[in-house]
Amino acid sequence: MKLSYALPLAGMIAFSSIAADAETITVATVNNNDMVIMQRLSDAFEKSHPDINLQWVVLEENVLRQRLTTDIATQGGQFDVMTIGTYEAPIWAERGWLTPLDNLPADYQQGDLLKPVIDGLSYKGKPYALPFYAESSMMYYRKDLFKKAGIKMTRQPTWNEVRDWASKINDPENKVAGICLRGKPGWGENMAFASTLVNTYGGRWFNMDWKPEIDSKAWHDAITFYVNLLNDYGPKGASSNGFNENLALFSRGNCGMWVDATSAAGKLYNPDESEVADKLGFAPAPVAVTPKGSHWLWSWALAIPASSKSKDAAKEFITWATSRQYITLVGEKEGWTSVPPGTRESTYTNQKYQQAAPFADFVLNAIRNADPTDSTLKPSPYTGVQFAGIPEFQSIGTQVGQMIAAALTGEMSVDQALSNAQRATERTMERAGYYK
Amino acid sequence: MNKPRTAGRTVGGLRPLALQGPAVTLLFLWMIVPLAMTIWFSLQRYNLLMPGMTGFAGLENYQYLFTDPALWTAMLNTLLLVGWVLVITVVGGTLLAVLFQQEFFGRGIARVLVISPFFVMPTVSALVWKNLMMHPANGVLAWVASLFGAEPVDWFSSLPMTSIVIIVAWQWLPFALLILLTAMQSLDEDQVEAARMDGAGPLSVFFFITLPHLKRAISVVIMIEMIFLLTVFAEIFVTTSGGPGLATTNLAYLIYIRALLDFDVGMASAGGVVAIVLANIVAIFLVRMVAKNLED
Amino acid sequence: MNNSMFKRFCIGLLAWVIAFVIFFPIFWMVLTGFKTETAAIADPSLIFSPTLDSYIEVQQRADYFKFAWNSVVISFGSTILALLIAIPAAYSMAFLPTRRTKGTLLWMLSTKMLPPVGVLVPIYLLFRDTGLLDTKLGLVIVYTLMNLPIVVWMLYTFFKDLPRDILEAGRMDGASTLQEVVYLLLPLTLPGIASTGLLSVILSWNEAFWSLNLTSSQAAPLTAYIASFSSPEGLFWAKLSAASTMAIAPILVFGWLTQKQMVRGLTFGAVK
């Protein structure tokens, strides 16, 4: 649906873009640490590519996502490189909004990319985005507190054990919460975590007829457990804590345990940023009924919108920013714990990285074991561990996330929250035409 | 009262039409082009994420909108937010205007400090309140509570609407104060003196002289604030994202969810049309009342 | 006498306490910007060794001056444009009112109540097709239209209270249109125009929806600058405070310097 307007305004405005010798490409990215480092190191790219100029648009995640979706869905053409995730890549590719990234240069070593990660960014076998960093989820804990309480970490913790441990190390007097978990509503915030919890309790988002199952027993068990756990042993204000807030809490020593993204490991292990670097323990994400889908798979990746006018230059940039050489550059300039994790085999075979990051194998295993195509106990029609890969999920996840946050703060009972969420989801799915 | 002038009169040879023309035409376009598009889209199936699914939808979008349980909550929240902020800013603004009208040491500087929040962009004030003031662990308010041995309040989860009202009122109180203070300066001192002579206490002076004098100014404050408060968005987006649950979802935020999370342009447009209708109802009732107040 | 002195002292004290409480969030933000990240989240304290680290780091990540310049151009540009369109309209409404004048004014104001989110997609498409996305001109146009109703109304109420007799007298004396405007109208209306303009500048400077959604890299003003520092990873309180301080400093100082001027005309016809 193409709209054109004959407005007098259009005639009045003589718009000309700035002509320059070098080609300018606009890179839109999220304000996470790894991207801030990329921006800082991009001087090296501009030096080796004097004919390409970089313009940066750095925004917080929510704003960025909204901004990019508006632009790409309307073919606004404002950006040449977009930072998107595992959720967006296949959906946008299907709509023809992204440029396929085949014919990558040989020295890019495409085979070196971790398979589950690049598969998640592909559509019909073709990659549409290149992974900048990737993550699964795992558990962090404080070795010192565990030792003091006489707890021994198991090889594969269960959620019941976790509750038991949380009760032992919870110490509000000294500002230590037994466990920190995401509570801030959002499909990429509390729902990313809650989905994995539901998965391991044997639940799923939709049955094979695309009917939501949010009022099922598995959901009920999982969310009741989550609400009680956080209310009993969680930090204050848990319902406004997302990944960043929990990272800050844990790194200051305010949490005994934390189940979240593996990408936090490098930050927690860096003594400059974290007060608990020397007391940090790792474990796989806990399980309950089934190990399936107990930890997620996500990557932040760089893609080129179909509406870009500088596709070649943009491709130059994204192959640089996701290359082996870039990882080495970060390792040398910023320290090896700061390299963008989870994208390449070679990162994990690198001696320097292994020495600097004792969690490396853990992360690699978690990423390898995450299977977005088979993440629920009963079969499901969607791909994705912590999300359902359909365009409607963004709003469904956000609405359900709000309801669960309301259950967490006690504004609603779990029953009420889940039945509201179920109804809202049914409405959305019906409106999207899933039931004919 | 002015006698109505005939349309044939001119100012500097220009007829009213020529003078008002540009403003009225531009505003008309600004109003009518988006409005027409909004109404048009509200009758279409049009979702940016589903390029294939288009076509005439009739009143389907409206049907979905009006059966959305969130809509009524959002309308109620909108009214609550507007109502509370108006009460706080008008009452607070009047009292502060009386106070800052008095002579005291460093009055000029104190006034400047008090009106400062009005210059702060809403995003920044929301961020400052969220991270520096109301944060349950590091916030100043939590620290103050701990000084008194009280349990720190977890503002955005336990008192979400109150928190939003505080933030918004903090921004608009200075505006009310600014206008009311100006109005206060034209208060007839002789009249006050005369009343005092007749034995009126400060309270009766306030209620029988000051308040009636401020009537017009208060109407103006209500009207201007109303225009901005009906569309409060940044404060909610930054702090609670409309939650927990729907506790702080107002109409503007609900439309945002539909428009920019669902990318359901059809539904968002229907929401926009409803908001316009709502705004006009408010305009008819309130603005007319206020405007009448201003005319005499 | 003593009693009245004491009363005055109490009033002054109360006023100062209230002023301080209301100003405190801004004061605290400025202070936090000069702390280290660890000091920023420690228990509140007025005693710390100030550092410019946060400012330096913030400046390294995004060039403040580019954003600030965009803000200046856009808010002043739109204000001037809005005044140019609004002055004739308000003037004629005030001096030659017709039966439709009041209706027109009310209608103008009601256009302000439409939530901008509802029309984002239509406007975005419009801007894409006219090449206005990410241009300062585009934002100037949007802000002009956004503030026009308020500007027209403020000017209208101000003009309406002007002593009409002077104008009439001037015309009798055979003053030309130009003379009428330059010697009579301008001096009389300047306070009203100035304060209207000031308010329009402030509203444009602080607008955060259109500026975020219609710009990317070239025309992004300070509201977009803030969006790149809100809720990032790790410890960010000091950096956020530093960025916020820089984003509001120009308009805050501007507001302080012009507040007297603003008050003089910011009456919306509320003062007779």
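Every number here is computed from the coordinates shown, using simple stated rules; none is lab data. If you're wondering where the values come from, they're calculated on a predicted model, not measured in any experiment. All Cβ positions, glycine included, derive from the backbone under ideal geometry; neighbour counts span all protein chains shown.
At 7 Å along the Cα-to-beta-carbon direction for both C:ASP53 and B:THR67, put a label point, then send me their distance in nm to one decimal.
5.8
Can you tell me, using C-alpha contacts under 8 Å and at least 6 residues apart, the relative contact order of the stretch C:6-265 as a whole percent?
With pairs under 8 Å counted, the relative contact order is 34 percent.
To test your reading of the geometry: what angle, between 0 and 90 degrees and rounded to tens, separates the Cα axis of helix C:186-206 from the longest principal axis of chain C?
Rounded to the nearest ten degrees, it is 30.
Averaged over peptide A:400-410, how many Cβ atoms belonging to another chain are found within 10 Å of each residue's Cβ?
The per-residue average across the peptide is 5.
Which is farthest toward the positive dipole end of the stretch C:6-265 among C:MET262, C:THR104, C:THR51, measuring Cα position about the Cα centre, with Cβ charges +1 (Lys, Arg) and -1 (Asp, Glu)?
Farthest along the dipole direction, towards plus: C:THR104.
Pick out the long, greasy-scoring helices in chain B: whole DSSP H runs spanning 27 Å or more along their own axis by Cα, mean Kyte-Doolittle at least 1.6.
Helices meeting the criterion: B:69-101, B:160-185.
Going out from 0 in 5 Å bins, what whole percent of all Cα-Cα distances in chain B drops into each bin?
Histogramming chain B at 5 Å steps yields 1, 5, 9, 11, 12, 13, 13, 11, 10, 7, 5, 2, 1, 1, 0, 0 percent.
Could you tell me how many degrees, from 0 to 90 and to the nearest 10, lie between the Cα long axis of helix A:414-431 and the main elongation axis, the longest principal axis, of the Cα atoms of chain A?
The two axes meet at around 30 degrees.
Could you tell me whether the protein assembly as shown comes out rounded, prolate or oblate from its Cα gyration tensor? Rule is a ≥ b ≥ c as square roots of the eigenvalues, rounded for a/c under 1.5, then prolate if a/b exceeds b/c, otherwise oblate.
Judged from the Cα gyration tensor, the protein assembly as shown comes out prolate (a/c at least 1.5, a/b above b/c).
Which angle between 0 and 90 degrees, to the nearest 10, do you get for helix A:393-409 versus the longest principal axis of chain A when only C-alpha atoms count?
Between helix and principal axis, roughly 30 degrees.
Using just the helices of chain A, give the 222 nm mean residue ellipticity in deg cm²/dmol: DSSP H runs with n ≥ 4 each add -39,500 (n - 2.57), and the total is spread over all residues, rounded to 500.
Here the helix-only value at 222 nm equals -12500 deg cm²/dmol.
Given a Förster distance of 45 angstrom, what is the FRET efficiency for A:LYS143 paired with A:SER419, based on the Cβ-Cβ distance and rounded to 0.05?
My answer for the efficiency is 0.60.
Among DSSP beta bridges lying fully in the protein assembly as shown, give the percent that are antiparallel, nearest 5.
Bridges in the protein assembly as shown that DSSP calls antiparallel: roughly 70 percent.
Under 8 Å for C-alpha pairs, at least 6 residues apart: give me the relative contact order for the stretch B:139-223, rounded to a whole percent.
Relative CO of the stretch B:139-223 lands at 26 percent.
Reachable lysines from A:LYS148, Cα under 24 Å, same-chain residues fewer than 8 places away excluded?
A:LYS168, A:LYS175, A:LYS236, A:LYS279
Give the lysines reachable from A:LYS436 as a straight Cα distance under 17 Å; neighbours fewer than 8 places away on the same chain don't count.
Counting by Cα, and skipping residues close in sequence, A:LYS436 has these lysines nearby: A:LYS211.
Can you give the charge dipole size of chain C about its Cα centre, rounded to the nearest 20 debye, using +1 on the beta carbon of Lys and Arg and -1 on the beta carbon of Asp and Glu?
Dipole magnitude for chain C comes out near 820 debye.
Using R₀ = 30 Å, calculate the FRET efficiency as 1/(1 + (r/R₀)^6) where r is the Cβ-Cβ separation of A:GLU23 and A:ASP107; round to 0.05.
0.85
In what order do A:ASP278, B:ASP262 fall by count of nearby beta-carbon atoms within 10 Å, going from fewest to most?
A:ASP278, B:ASP262
Report the paramagnetic label zone for C:PHE27: residues of the stretch B:164-191 whose backbone N is under 13 Å from a point 7 Å from Cα along the Cα-to-Cβ axis.
none
If contacts are Cα pairs under 8 angstrom and at least 6 residues apart, what is the relative contact order of chain A in percent?
24
Assuming R0 = 41 Å, what is the FRET efficiency of A:TYR435 and A:ASN365, from their Cβ-Cβ distance, to the nearest 0.05?
For R0 = 41 Å, the calculated efficiency reads 0.55.
Counting each DSSP H run of 4 or more residues in chain C as -39500 (n - 2.57), what helix-only mean residue ellipticity at 222 nm follows after dividing by all residues, to the nearest 500 deg cm²/dmol?
-23500 deg cm²/dmol
Which value in nm describes the separation of the simple spin-label points at A:ASN207 and B:VAL277, placed 7 Å from the Cα toward the beta carbon?
3.7
Could you work out Rg/(2.2 N^0.38 Å) for chain A, with Rg from alpha carbons only?
1.01
Relative to the Cα centre, what is the charge dipole magnitude of chain B, using +1 at the beta carbon of each Lys and Arg, -1 at the beta carbon of each Asp and Glu, and rounding to the nearest 20 debye?
Around 840 debye, computed over chain B.
Rg and Dmax of the stretch C:6-265, Cα atoms, in Å?
In Å, with Rg to one decimal and Dmax whole: 22.8, 73.
Name the long-range amide H neighbours of A:ASN207: under 5 Å, sequence gap of 5 or more, or other chain; modelled H, no Pro or chain starts.
Amide H to amide H, under 5 Å and 5 or more residues apart or across chains, A:ASN207 pairs with A:GLU213.
Taking the Cα centre of chain A as origin, work out the dipole magnitude from +1 charges on Lys and Arg Cβ and -1 charges on Asp and Glu Cβ, in debye rounded to 20.
Its charge dipole is roughly 760 debye.
So which cysteines in the protein assembly as shown don't have a second cysteine's C-beta under 4.7 Å from them?
Flagged as lacking a Cys partner: C:CYS10.
Residue-wise, which Karplus ³J(HN,Hα) couplings in Hz belong to the stretch C:107-113, taking 6.51 cos²θ - 1.76 cosθ + 1.60, θ = phi - 60°, and x for glycine or proline?
Using θ = phi - 60°, the values come out as 5, 4, 5, 5, 5, 6, 8 Hz.
Under 12 Å between alpha carbons, and skipping anything fewer than 8 positions from C:LYS35 in its own chain: which aspartates and glutamates qualify?
Here the aspartates and glutamates satisfying the reach criterion relative to C:LYS35 are C:ASP53.
Short version: ³J(HN,Hα) in whole Hz for each residue of the stretch B:240-250, in order, from phi by Karplus 6.51 cos²θ - 1.76 cosθ + 1.60 (θ = phi - 60°), x for Gly and Pro, what are they?
10, 6, x, x, x, x, 10, 4, 10, 7, 9
Share of antiparallel DSSP beta bridges in chain A, in percent to the nearest 5?
Counting only bridges with both partners in chain A, antiparallel ones make up about 65 percent.
Report the extension gain between A:ALA44 and A:ASN231 in nm, rounded to one decimal, defined as 0.36 nm multiplied by the number of residues separating them, less their alpha carbon distance.
Extending this stretch completely gives an extra 62.5 nm.
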